[in-house]
Amino acid sequence: MKRILLLLSFSLTTFLTTSAQSRIGLLIGGHQATVQEKNDLPDWESIKGNYKGRTGLRIGFIADMPLGTSRFYFQPAVFLSNKGRKYAQVFDTTVSQTLSVSSRQFVNYIDIPLNLVYKIPIGRTTKFVIGAGPYLSFFYSAKHKTETFSKDGQYTLEEDNDPGVGKEPGDYKIYDYGVNGTAGFEFGRVFLTAHYAQGLGNFYKPVDYTASQFRHRTIGATLGIFLGKQPEPAPRDQDKDGIPDKDDKCPTLPGPAALNGCPDADGDGVADPSDRCPAEAGPVENQGCPWPDRDKDGIADKDDACPDQPGLPEDKGCPPADSDGDGVPDKADKCPQQAGVARYDGCPVPDTDGDGINDEEDKCPTKAGTRANNGCPEEVKKEVVEKINYAAGKVQFAVNKAVLTPASKKVLDGVADILRQQPELKLAIGGHTSSDGSRELNLRLSQQRADAVKNYLISKGIEAERLSATGYGPDQPLNEGKTAAEKAQNRRVEMVVSNQ
């Protein structure tokens, strides 16, 4: 047990010695130790006055650890402490064979007080110290000794140098606990203090009677010396921003070192106490406020050539040139002299068929039409189609030639009249033959006949671009062309009228 206690004491002392911001001290002192006892003995009141205190020694180590920036310190210690009591009684030999009895109950502990100490400077190197805290005690050793003298001169000695440890009568508890207080002075590294300690647990169980209280009490003085310099307390830093209050212009508000410990809510580099606009970022030269910007274009009025019109930095704050006023700046406008829309790079919406209806509104953007028909051509009237079809059926040529008969020309005069009256109409002319003869010859003859019709209409004042002529030869027959009647039907001219 003693080895374990010594090892514990050594380990704790080493920890206290190596702890950051702490210094170690050696202490030695004396005290008067007593035992507070209450029991069920009937004559206790008459004999308890025979018990006296024991003068004991305390020797060990103490640590001095500052707590933050205050004057409070944590002072744990480890020391060997002598405790116990003495007993002496002289008897009346007229009624007793015993002349006197004296005994000692000496108990040694390793004490570990854990005190919180407050130091008050009263001079350049002198401080008044006061503190208190709990303590733990670990049983180290004990010794019992009783001497008895009889009136006839006989002497009896009883000793027990190794009392038991446990819970049985005559045993000591392995640990004890209580509270203690200290007060005194520090003179540089030297300290002189008074101390008082009161046990709160029963440390021993008597053999011959029952005790309801068996507790240690000590009072004494201690002299000590710290081996290292007094650790400097960390400088006071109320706002915990890492800048000591003495250097902090805003000691109660955290802030960066660059601003001497003051906050900067808007992050503009101007400390809040000096910032005229602490919620808005602004330059130092304007005391932390943003420069005025009337047109809200991000360019300060002092740098804006057009402070009342939003613009761009490259235009010195002025709106970019827009010659056609379509909202697309000239530098991005592909049609700067013609109002358009942004989606067409400043050009008007296209009108592919040139009918006056732009492609976005025109349901037939590649065919000229009317607005009433959403940009699509109006349908050719039925009677016109019928007239053209009738005329086509009456067109005839000289046998195996592309020469119109006089009757055919009169029919085509009627077609020319219709085309002149409705200039939006166009006519597709197709020439067809039977399968008699070679295909090459028939294709050439059908093309010549279609061209003959087209040329005749042109001669009657119809624009060539309104007319088309295609020879299909025998490739698009109306029937099988086996009989003379079927072959005659396949030799024909077709005219298809449209307004597209």
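Taking neighbour counts of Cβ atoms within 10 Å as a proxy for exposure, in what order, fewest first, do THR182, THR94, THR146 appear? Walk me through the intermediate numbers first.
Values: THR182 21, THR94 6, THR146 15.
Least to most surrounded, the residues fall as THR94, THR146, THR182.
Give me the percent of Cα-Cα pairs in the range 382-498 that sit more than 22 Å apart, rounded to a whole number. List each step's numbers first, then the result.
Working: 1976 of 6786 pairs.
So the portion of pairs separated by more than 22 Å is 29 percent.
Assigning unit charges at the beta carbon (Lys, Arg +1; Asp, Glu -1) and nothing else, what dipole magnitude in debye, to the nearest 20, does the range 192-313 show about its Cα centre? Kindly include the intermediate steps, with their values, before the conclusion.
Working: 12 positive and 22 negative charges, 389 e Å.
Charge dipole of the range 192-313: 1860 debye, to the nearest 20.
Which far-off residues, 5 or more places away or on another chain, put their amide H under 5 Å from the one on CYS335, with H placed in the peptide plane?
HN-HN under 5 Å from CYS335: CYS347.
Once the dipole of the range 431-500 is set up with Lys and Arg at +1 and Asp and Glu at -1 on Cβ about the Cα centre, which of LEU445, GLN489, SER459 lies farthest towards its positive end?
SER459
I'm spelling it out carefully: the read-out is semi-axes √(5λ) of the Cα gyration tensor in Å, the candidates are (i) 34, 27, 19; (ii) 36, 30, 23; (iii) 134, 37, 17, and one was derived from this structure. Which label?
Answer by label: (iii).
Can you report the principal axis dimensions of the range 430-500 using only the alpha carbons, biggest first, rounded to whole angstrom?
40, 23, 18
Report, by chain and number, residues whose modeled amide H sits under 5 Å from the one on SER100, excluding near sequence neighbours (fewer than 5 apart, same chain).
Amide H neighbours of SER100, under 5 Å, 5+ apart: PHE91, PHE149.
Could you rank the peptides 355-361, 216-222 by their average count of other C-beta atoms within 10 Å per residue, with the highest value first? Kindly include the intermediate steps, with their values, before the conclusion.
Working: 355-361: 15.4, 216-222: 19.4.
In descending order of packing, they fall as 216-222, 355-361.
Just add up the charged neighbours of ASP275: K/R +1, D/E -1, any other residue whose Cβ is under 12 Å from the Cβ of ASP275. Could the numbers behind the result be given before it?
Details: positive: ARG276; negative: ASP264, ASP266, ASP268, ASP272, GLU280.
Charge balance in the 12 Å sphere: -4.
Rounded to the nearest 500 deg cm²/dmol, what is the calculated helix-only ellipticity per residue at 222 nm for the chain, with -39500 (n - 2.57) per DSSP H run of length n ≥ 4? Mind dumping the intermediate values first?
Working: 6 runs with 78 residues, N = 500.
So the helix-based figure for the chain works out to -5000 deg cm²/dmol.
Could you tell me how far the Cα centroid of the range 153-203 sits from the Cα centroid of the range 285-306, in Å?
If you average the Cα positions of each part, the centres end up 81 Å apart.
Name the residue from ALA428, LEU404, VAL384 whose Cα lies farthest towards the positive end of the charge dipole of the range 382-498, charges +1 on Cβ of Lys and Arg and -1 on Cβ of Asp and Glu.
Result: LEU404, furthest along the dipole toward the positive end.
Taking the Cα centre of the range 382-498 as the origin, how large is its charge dipole in debye, to the nearest 20, when only Lys and Arg (+1) and Asp and Glu (-1) carry charge on their Cβ atoms?
On the way: 18 positive and 14 negative charges, 59 e Å.
That gives the range 382-498 a dipole magnitude of about 280 debye.
Taking Cα atoms, how many degrees apart are the long axis of helix 2-18 and the longest axis of the chain, rounded to 10 and kept between 0 and 90?
Once rounded, one gets 50 degrees.
For the range 213-351, rounded, prolate or oblate, judged on the Cα gyration tensor with a ≥ b ≥ c (square roots of eigenvalues), a/c < 1.5 rounded, else prolate if a/b > b/c?
On the way: a/c = 6.10, a/b = 3.93, b/c = 1.55.
Prolate.
So who's got an amide H within less than 5 Å of the one on TYR172, skipping anything under 5 residues away but keeping other chains? H placed 1.01 Å off N, in plane.
Residues meeting the amide H criterion: GLY164, VAL165, GLY166.
What residue among TYR140, LEU157, ALA194 has its Cα farthest toward the positive end of the dipole of the range 114-244, where the charges are +1 on Lys, Arg and -1 on Asp, Glu, each on the Cβ?
ALA194
Between the range 120-144 and the range 17-77, how far is it from one alpha carbon centroid to the other, in angstrom?
Cα centroid of the range 120-144 versus Cα centroid of the range 17-77: 6 Å apart.
Quick check for me: using +1 on Lys/Arg Cβ and -1 on Asp/Glu Cβ, what's the dipole size of the range 170-236 about its Cα centre, in debye to the nearest 20?
Using only the charged Cβ atoms, the result is roughly 160 debye.
Could you list, bin by bin from short to long, the percent of Cα-Cα pairs of the range 403-458 in 5 Å steps?
In whole percents, the pair-distance histogram is 4, 17, 24, 21, 15, 10, 5, 3, 0.
Please report, for the Cα atoms of the range 2-226, the Rg to one decimal and the Dmax as a whole number; what are they, in angstrom?
Every Cα atom of the range 2-226 included, Rg and Dmax give 20.5, 71 Å.
Each value in this text was obtained by applying a stated rule to the coordinates, not by laboratory testing. This structure is a prediction, so every number in the text was calculated from the model and none was measured. FYI the Cβ positions are ideal-geometry reconstructions off the backbone, even for glycines, and counts take in every protein chain you see.
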